[in-house]
1. Using all C-alpha to C-alpha distances in the protein assembly as shown, build P(r) with 20 Å bins and read off the rounded percent in each one.
2. Taking 25 Å as R0, compute the FRET efficiency from the Cβ-Cβ separation of residue A:225 and residue B:226 and round it to 0.05.
3. Could you pull the copy-to-copy label distances for residue B:350, with points set 7 Å along Cα to Cβ, in nm to one decimal and sorted shortest first?
4. Counting only helical runs of four or more DSSP H residues, what would the 222 nm mean residue ellipticity of chain A come to if each run contributes -39,500 (n - 2.57) and the total is spread over all its residues?
5. How compact is segment B:214-286 by the rule of thumb for globular proteins, expressed as Cα Rg over 2.2 N^0.38 Å?
6. Using only Cα atoms, what is the ratio of the radius of gyration of segment B:85-240 to 2.2 N^0.38 Å?
7. Provide the FRET efficiency to the nearest 0.05 for the residue B:389-residue B:197 pair, computing r from the beta carbons and using R0 = 41 Å.
8. Can you sort B:412, A:112, B:304 by how many other beta carbons sit within 10 Å, fewest first?
């Protein structure tokens, strides 16, 4: 079959973006230190070539020709929409703004690192102020429906509105705040044994085995070690994950691997015919990714990490294997004790280390800040105080330093404002998908109890993964659950799980 | 400093070619098996983008503008020449020929592998016939001075003529054939201890240390393990080498690493201001490489591997370290015995395993075949017989199977005809450079005896490495040695080394 002119151009664009992913993977895994400036330049060159393909008259005319054909398939229609939106977007955003942001974040990230090292927010503050000002201009140029923040979240979660987000957070807070109070008032499960000695090589072997069991295909993937774990796809046939192993703490490497494997399972199971098309590209982020949004992507990683990986049936199936992997180390710990330990909840200051129950408060805090900054109701200089007050209100803890608070995340220094909501959306949507799966296919529960993850992976592939970016997040939700965004299944799950764990 | 329009375009071209190098490195080191088709597509896309930059009207006009300026620097003049030649080349070679070759070598390489596995040249013969026919057409299109073979060698060794090559081979044969006879008639040094057990991790540690000592900078490089060792540059700041370790044979990993480190030292020491310019690009091969030709590149790897790494002074300095790396394994072997063993010469069938003294006969055989095929005096079907006859005449051995003879190299299946001369040119030029260095800077010899490799690296950088592709190979030879290609220093060196080693 010959590729149409449009297909051929998008395939080139896809190759460029996939190659950028490899450049980023390599920069994080093994690139020599001296090469980072050059690597930035290489990525910039490929990005600008990608952008010039999107804005080329050749693409516009091929798109117009194909869009005028009768009997377009759904995939064609959706590709055309995505391309038209991207072209419109790049025409609206002046090149000067893009250059300005690139230059700004290059110095802002350095300033953020220095501020963190010196534990001093004021070193980062002027850069963040410039970033916020730039993002506000960006929002005005791009346009939005209800709130300028939507212009920013759109790149990560198309279709998300600020009213929907506020309603979601209100729903979460209403039920989670009392639950958190009850849980934290109860006696804490012992988890000291998770800090015994777990040699890294054995951790890697176990994590690899379990990632394979839940369905990550190592024939089309690989696992490396990095400071900041991530998943990235160099094509559907080459989806890589990284993790980090701490020999004194089992959870980090183990659940980190399951989390990234969840992301990877998404990318590996998109329909082959969508490879190299606009339906496996994030055209706004110039990023080769088949998952339809950051939130839906996160729904898959959290689902495999938490719903499956932190469940009692999972450990009934794999605890003996874990014990055998570390001979003698956990002989005195029962599977129930282990399960309670890996799910222990407590108030904490650092988002990436937070447990399942408290995690969303870290997200809500950041999203409230971002909305405030973008609408102008909150000043950058007020952030440390606002942060401290909020986290105390939610979780009863207070950061004693900027590094434990407002300086902990890298996102803002990279110009990423608007991505935080997707972490909570992932939790919420993951539970909606899980509830729908169990309801539509009741035998799934038995399969999971027996350590058979293929039926769940099959349901997810059928309903979500294979479609790539064909459907927007809310369309996927409607198709699979018959509903829009709804925190109820997630809240039900948390309530059930933690009242059982803590015997409330 | 703002880049000129020409510089900016070449920098983009350079980024594309450097990225292709990373794609190739990744494909050889750790890419999941399933991804090779997609990887080929990614490389094809970037190559075609690179080619369209070379042939773009924008580049032509920027080049014309800059070439018309007064007071051009030497670097500018040479860049302009290289670009003009590349543009002329790509205009001469029809795109259909390029596509035809790409399609042909894709199937030919598969056929070559099958033929090797089944030890049956006739399976590869029809593909090689097509490749030869295509290369003959290519030579006619590109043009040549004396002989169609020059049109092919030009891509690897610009300026090399067939008369010069024939004269060189005659000179080599006249002195090497009697020397080889005398050496092989003498008693062979014992080398059985090189086949004791050398654990791979310790081999890697030692090879890394020695590569660092001769001047390979690991801050801007890394060492990986692959089946077929190579060196590749992702930029001057990121020059990677690979090697393979055999736990039952010390030489392979050790001297293989020094060889690749020699290539890498070339790439790491080109002048920084040449990075991202046409003087660090092979525009014919669409390959990011700063070394001015395959032959000059090989001169550096052979120089560090053999002239330094297989010398007695080198082992006087490092043998204790080697013994300590493998405790007890070589306690009964003196440094002199070790030195004789690693230099043992014997007739052999496989080029990549051949010793220093017999290596060039393997090259001459292939080059005679290539010239015969391209001029039409030799038929592909006659190759096995011709091969057997020639290798027997040179070395007194005869291949019993095709795999041990005509099927052993991958080059022809990849469409590479014309690169073999550069292996011998490397040996010859390396010795010319070494002789010039020792003559111009006599203290170098003392430094080498003391295990100090910086002065030699300094001389090479000053005279060769820093210039990138500014000078053609014969210009470099003239500048550094005052002469053209001349095998005398190489032959003197071999005669001296092997008569001493074999006490002739």
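Please treat every number below as a calculation from the coordinates, not as lab data. Computed from a prediction, not measured in an experiment: that's the story for all the values here. Ideal geometry is used to build each Cβ from the backbone, glycine not excepted, and the neighbour counts take in all protein chains shown.
1. 12, 38, 33, 16, 1
2. It comes out at approximately 0.80.
3. With the label placed 7 Å along Cα→Cβ, residue B:350 yields 5.1 nm.
4. So the calculated ellipticity at 222 nm is -19500 deg cm²/dmol.
5. On the way: Rg = 13.4 Å, N = 73, 2.2 N^0.38 = 11.2 Å.
Taking N as the residue count of segment B:214-286, the ratio is 1.20.
6. Numbers: Rg = 22.3 Å, N = 156, 2.2 N^0.38 = 15.0 Å.
Relative to the rule-of-thumb radius for its length, segment B:85-240 sits at 1.49.
7. Efficiency at R0 = 41 Å is approximately 0.55.
8. The fewest-first ordering by Cβ neighbours comes to A:112, B:412, B:304.
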